[in-house]
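Below is one structure; the comments refer to it alone.
Just so you know, all these numbers are worked out from the coordinates, no wet-lab data involved. This structure is a prediction, so every number in the text was calculated from the model and none was measured. Cβ sites come from the backbone with ideal geometry, for glycine too, and all protein chains shown count toward neighbours.
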């Protein structure tokens, strides 16, 4: 009987047997990388604003506390966008004639809000409450990054579900005293033990590590267990 397939088909069959699985795995890996990239999540991208507000200047250089502008962060799910009056508290005196602040002055004159663009956007089906995170000792820097080093604000984290779950499964690395939640420079070793008045862990006689401080804050602030914090109803309501 005559040969049905040419010998070259042996090479083709080998390529199909070994190449297709590699191609499939490569596609899955590539898709995973793209899904987590800033192209999809928006991580690392600055958003054009009516006024180029600099957190580097206001927070890092002037030392303005987050709560001066985001007034409802401790009591509401929404951190709050500062009204124009908050800007004008300073800019009626400082840089009062700066051209870049024209939108602020016009907003104040016309009693209309400045159309700021959101930087951190979550899907409508995700419930996030700023106040509970602040109350439990999650620092602003954990989610928003080092805003004191950002000339223009950008999304520092992916905000993907897997990123949220990583913290909900193991919150200790992100916990700190409530008094230090808005600090951009706080370190575990800076924590002063209220019982001794010293910067040391009474169990070790050395400054606290983040693991030690996180465990202490988890117990002190009554942070729930991982099973509860990873329940679907926590974020999807």
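Where does helix 210-220 land angle-wise versus the long Cα axis of the chain, in degrees 0 to 90, nearest 10?
Value to nearest ten degrees: 70.
Select from 214, 80, 60 the residue whose mean-square fluctuation is largest in a Gaussian network model of the chain (Cα-Cα springs shorter than 10 Å).
Sorting by GNM fluctuation, first place goes to 80.
Sort out for me the Cα centre separation of region 14-85 from region 127-145, rounded to whole Å.
Cα centroid of region 14-85 versus Cα centroid of region 127-145: 15 Å apart.
Using only helices, what value at 222 nm comes out for the chain when you add -39,500 (n - 2.57) per DSSP H run of length 4 or more and divide by the total residues, to the nearest 500 deg cm²/dmol?
Only helices count here, giving -9500 deg cm²/dmol.
Roughly what would the spin-label model give for residue 76 and residue 206, points 7 Å off Cα along C-beta, in nm?
In this crude spin-label approximation the distance works out to 4.5 nm.
Return the Rg/Rh value of region 174-237, two decimal places, where both radii are evaluated on C-alpha atoms and Rh is the Kirkwood radius.
1.07
If packing is taken as the average number of other Cβ atoms within 10 Å across a peptide's residues, how do 159-168, 94-103 rank, most packed first?
Final packing ranking: 159-168, 94-103.
Show me 65-75, 131-141 ranked by packing, highest mean number of other Cβ atoms within 10 Å first.
On the way: 65-75: 16.1, 131-141: 19.0.
Listed from highest to lowest mean packing, they are 131-141, 65-75.
For the chain, modelled as a GNM with alpha-carbon contacts under 10 angstrom, which of 106, 172, 180 fluctuates the most?
106
Indicate the gyration tensor shape class of region 121-164 (rounded, prolate or oblate), computed on the Cα atoms with a ≥ b ≥ c the square roots of the eigenvalues: a/c under 1.5 is rounded; otherwise a/b larger than b/c is prolate and the rest oblate. It would help to have the intermediate numbers written out before the result.
Values: a/c = 2.03, a/b = 1.24, b/c = 1.63.
Since a/c reaches 1.5 but b/c is at least a/b, the shape of region 121-164 is classed as oblate.
From zero up to wherever the largest Cα-Cα distance of the chain sits, split into 5 Å bins and tell me the percent of pairs in each.
1, 5, 9, 13, 14, 13, 11, 8, 7, 5, 3, 3, 2, 2, 2, 1, 1, 0, 0, 0
Looking at the chain as a GNM with Cα springs under 10 Å, which of 59, 126, 147 has the largest mean-square fluctuation?
Per the Cα network of the chain with a 10 Å cutoff, 126 tops the list.
What percent of all Cα-Cα pairs in region 122-235 falls in each 10 Å bin, counting up from 0?
With 10 Å bins starting at 0, P(r) equals 13, 42, 32, 12, 1.
So how tilted is helix 20-36 from the main axis of the chain? Cα-based, degrees 0 to 90, rounded to 10.
10 degrees
I need the shape label for region 14-129. Rule: rounded when a/c is under 1.5, else prolate if a/b > b/c, else oblate, with a, b, c from the alpha carbon gyration tensor. Display every interim value, and only then the final one.
Working: a/c = 3.39, a/b = 2.67, b/c = 1.27.
Verdict is prolate for region 14-129.
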